[in-house]
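Note sheet for the following structure.
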Amino acid sequence: MDILPPIFIVCTRSPSGAIGKKGGLPWKRPSKENLTWFRCLTDSSAVVMGASTWKSLPKKPLYGRINVVISSVPIEGADYVFPDLMKALLSLQTKAIYIIGGQALFEEAYRLGMVDGVYEIILKSEYEGCDRFMPPLPDDFDVHTKLWESESDERWFYSYTFKI
Ligand SMILES: NC(=O)c1ccc[n+]([C@@H]2O[C@H](COP(=O)([O-])OP(=O)(O)OC[C@H]3O[C@@H](n4cnc5c(N)ncnc54)[C@H](OP(=O)(O)O)[C@@H]3O)[C@@H](O)[C@H]2O)c1
């Protein structure tokens, strides 16, 4: 039997959990430091996203990663398209799988109970008019969270939460 790669969620959120607004991000754009952190974390791995998140990416595919989109319709430019998240998670052979959004995909990932850890950039401000949010951690996710402050910018924390 094949062993599944580790499966992580990655997101940037406000303190209350807001992640999206009107099909895009609530904040203007991620900082250079945020982008570097995200790129280093997900480098040479699979990034799995919902069709709406794929549409929202300003530059795609994400360079140096296996771009996987969950959609019921064909998606041009993706490396793989799967009709559901479970099929994707069971099929991908890679060193790690990062589920990168949006809300619908995060909810499905928690429902499947296959998430090993959650990487987050947690901003210190709230944003108005948000319509997409991080779902709460599942009950069995009895967590240990490591939180650290950005060294160069006081606007955010980085955090990693995993099952003990
Ligand atoms: N802050 C962050 O870290 C972050 C990260 C990513 C996204 N976002 C934001 O989140 C928002 C997008 O999230 P979203 O929840 O609207 O959409 P999404 O999760 O990106 O994509 C939803 C789409 O994925 C497909 N899908 C496949 N399986 C599904 C399932 N089990 N349940 C629901 N949909 C499924 C459907 O596409 P088809 O109709 O094609 O089948 C559905 O319309 C945007 O505002 C984006 O900017 C924020």
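The values are calculated or read from the model by the stated rules, or taken from the named source; none is laboratory data. Fair warning: this is a prediction, and the values are worked out from it, not measured in the lab. All Cβ positions, glycine included, derive from the backbone under ideal geometry; neighbour counts span all protein chains shown.
Within region 4-22, identify whether any single residue is assigned to a helix (DSSP H, G or I), of a type in the set (Ser, Thr, Tyr) and crowded, with 16+ Cβ neighbours inside 10 Å, and answer yes or no.
Let us first name the residues in region 4-22 that are assigned to a helix (DSSP H, G or I), namely none.
Among the residues of region 4-22, not one is assigned to a helix (DSSP H, G or I), of a type in the set (Ser, Thr, Tyr) and crowded, with 16+ Cβ neighbours inside 10 Å, which makes the answer no.
With the requirement that a residue be among the β-branched types (Val, Ile, Thr) and within 21 Å of GLY64 (Cα to Cα), what does region 79-116 give you? Outline the logic, then answer.
Taking region 79-116 and keeping what is among the β-branched types (Val, Ile, Thr), we get 81, 94, 97, 99-100, 115.
Scanning region 79-116 gives VAL81, THR94, ILE97, ILE99, ILE100.
Identify all residues within region 44-55 that are within 15 Å of GLY101 (Cα to Cα) and more than 9 Å from the ligand (Cβ to nearest atom); write none if there are none. Full working, then the answer.
The first filter runs over region 44-55 and keeps only residues within 15 Å of GLY101 (Cα to Cα), leaving 46-55.
Residues satisfying the conditions are ALA46, VAL47, VAL48.
Run LEU35 past the list (1) near the ligand (Cβ under 9 Å from one of its atoms); (2) under 19 Å from TYR158 (Cα atoms); (3) among the aliphatic types (A, V, I, L, M); (4) free of Cβ contacts under 8 Å to residues at least 24 places away in the same chain and report the number of the one that doesn't hold.
(1)
Yes/no matrix, rows are residues, columns are (1) at pLDDT 90 or above; (2) under 12 Å from the mean Cα position of the chain (by Cα); (3) of a type outside the set (Phe, Trp, Tyr):
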position: ALA88; (1), (2), (3): yes, no, yes
position: VAL115; (1), (2), (3): yes, yes, yes
position: ASP131; (1), (2), (3): yes, no, yes
position: ASP153; (1), (2), (3): no, no, yes
position: PHE157; (1), (2), (3): no, no, no
position: LYS163; (1), (2), (3): no, no, yes
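Which members of region 1-14 meet the condition of being touching a residue at least 40 places away in the same chain (Cβ under 8 Å), away from the ligand (no atom under 13 Å from the Cβ) and more than 13 Å from ILE100 (Cα to Cα)?
Correct list: ASP2, LEU4, PRO5, PRO6.
For ILE70, state whether it is within 12 Å of the ligand (Cβ to nearest atom), buried (at least 18 other Cβ atoms within 10 Å of the Cβ), under 27 Å from PRO26 (Cα atoms) and under 16 Å from the mean Cα position of the chain (by Cα).
Values: within 12 Å of the ligand (Cβ to nearest atom): yes; buried (at least 18 other Cβ atoms within 10 Å of the Cβ): yes; under 27 Å from PRO26 (Cα atoms): yes; under 16 Å from the mean Cα position of the chain (by Cα): yes.
Yes.
Does GLY101 fit the bill of being closer than 20 Å to MET49 by Cα and not β-branched (Val, Ile, Thr)? Lay out the reasoning, then the answer.
Details: closer than 20 Å to MET49 by Cα: yes; not β-branched (Val, Ile, Thr): yes.
When the stated conditions are applied, GLY101 passes them.
Between LEU41, LEU92, LEU85, which is surrounded by 15 or more Cβ atoms within 10 Å (Cβ to Cβ) and within 8 Å of the ligand (Cβ to nearest atom)?
Numbers: LEU41 fails: within 8 Å of the ligand (Cβ to nearest atom); LEU92 fails: within 8 Å of the ligand (Cβ to nearest atom).
Of the residues listed, the single one that is surrounded by 15 or more Cβ atoms within 10 Å (Cβ to Cβ) and within 8 Å of the ligand (Cβ to nearest atom) is LEU85.
Against the conditions (1) more than 13 Å from the chain's Cα centre (by Cα); (2) away from the ligand (no atom under 14 Å from the Cβ); (3) not aliphatic (A, V, I, L, M), where does PRO58 fall short? Just the number, please.
Failed condition: (2).
Does any residue of region 18-30 turn out to be within 10 Å of the ligand (Cβ to nearest atom) and β-branched (Val, Ile, Thr)?
We begin by selecting, within region 18-30, every residue within 10 Å of the ligand (Cβ to nearest atom); these are 18-27, 30.
If we keep only those that are β-branched (Val, Ile, Thr) too, we end up with 19.
Checked against the condition, which is being within 10 Å of the ligand (Cβ to nearest atom) and β-branched (Val, Ile, Thr), region 18-30 yields at least one hit.
Can you say whether GLY113 is among the small types (Gly, Ala, Ser), more than 9 Å from the ligand (Cβ to nearest atom), within 29 Å of PRO15 (Cα to Cα) and surrounded by fewer than 21 Cβ atoms within 10 Å (Cβ to Cβ), as far as the supplied structure shows? Reasoning before the result, please.
On the way: among the small types (Gly, Ala, Ser): yes; more than 9 Å from the ligand (Cβ to nearest atom): yes; within 29 Å of PRO15 (Cα to Cα): yes; surrounded by fewer than 21 Cβ atoms within 10 Å (Cβ to Cβ): yes.
For GLY113, the condition - among the small types (Gly, Ala, Ser), more than 9 Å from the ligand (Cβ to nearest atom), within 29 Å of PRO15 (Cα to Cα) and surrounded by fewer than 21 Cβ atoms within 10 Å (Cβ to Cβ) - is met.
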